[in-house]
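These notes concern the structure reproduced below.
The values are calculated or read from the model by the stated rules, or taken from the named source; none is laboratory data. It should be emphasised that the depicted structure is a prediction, and the values quoted were computed from it without experimental measurement. Positions of Cβ are backbone-derived with ideal geometry, glycine not excepted, and every protein chain shown enters the neighbour counts. The protein model used for the area step is the full one, side chains on, heavy atoms only, and it has no ligands, DNA or RNA in it. Shrake-Rupley method; radii C 1.70, N 1.55, O 1.52, S 1.80 Å.
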Amino acid sequence: NMSKNNHTQQHQIISPPHPIDYLLVLDFEATCSKNVKKPEPQEIIEFPTLLLNVKTKKVESIFQYYIKPDVFPTLSDFCKDLTGITQEQVNDGISLGKALEEHEIWLQSNGLLNSSSTSSSPSFVYVTCGDWDLKTCLPQQLEYHNTKNSDIPSHFKRWINIKKEFQKFYGQKAKGMVSALNFLGLEMEGRHHSGIDDSKNIARMCVKMIEDGWEIEKANIRCS
């Protein structure tokens, strides 16, 4: 059906060809201000990712770094209050470029990026709560620093928006993370807007949805 294919292309949503072994749950925190125009660029200040084994429903590895912003190095009080991230943590943080290098090393150490073309690696896809992290935040910050889109690793260009999947699977609009967790009978654990805590809560949502019968292979993979 040509029209269907064209429709799929138009919305840049594709279905994965084979089972997904791992979900990489990611939730950036970035510089922000209250009641004023958001910083340009908005810079990532926390870069967490959880490696969730779909079959065992266990988190096998955690990646987390605080990132030192290089355009606006001083965090607003609003940003510190919202995220719980301190000025000291970002001062002692690494650059985004270094974090991306460390992330590739972490993926390799977990067997997800195989340099050998003869053996296949486990398949994985990122999961975010909304599209902002990988559609807007990371590409815009890299673009600000003159990174060409073609230089962004391809695995950052495919993700599952868990809010959309939640809505499609349960027929219930996900207003936010807390209300979605509550609908699933789960309490928010840790601090909302802490990247690592939000990632853990998104992972808990994914596990509950898998237990309820959500088929990841039928998820809409969003592309940038």
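For the reader, a short list of remarks on this structure follows.
- Within the set SER150, SER154, SER109, SER117, the sole residue that is under 18 Å from ASP21 (Cβ atoms), at pLDDT below 95 and not hydrophobic (A, V, I, L, M, F, W, C) turns out to be SER154.
- Once the range 197-224 is narrowed to residues that are small (Gly, Ala, Ser) and within 19 Å of TYR170 (Cβ to Cβ), the residue that is farthest from the chain's Cα centre (by Cα) is GLY213.
- Residues that are of a type in the set (A, V, I, L, M, F, W, C) and either within 24 Å of SER120 (Cα to Cα) or more than 10 Å from the chain's Cα centre (by Cα) (or both), drawn from the range 19-34: ILE20, LEU23, LEU24, VAL25, LEU26, ALA30, CYS32
- Among the residues of the range 140-198, those that are under 23 Å from ASN220 (Cβ atoms) and of a type in the set (Phe, Trp, Tyr) comprise PHE156, TRP159, PHE166, PHE169, TYR170, PHE183.
- Cβ pairs under 9 Å, 6+ apart, first in the range 120-139 and free of Cβ contacts under 8 Å to residues at least 24 places away in the same chain, second open to solvent by 30 Å² or more (accessible area, probe 1.4 Å) and not basic (Lys, Arg): SER120/ASN114; SER121/ASP21; SER121/GLY111; SER121/LEU113; SER121/ASN114; THR136/GLN42; THR136/SER224
- GLU101 being at pLDDT 95 or above and of a type in the set (Asp, Glu): yes
- The requirement of being within 26 Å of SER224 (Cα to Cα) and open to solvent by 20 Å² or more (accessible area, probe 1.4 Å) is satisfied by GLY97.
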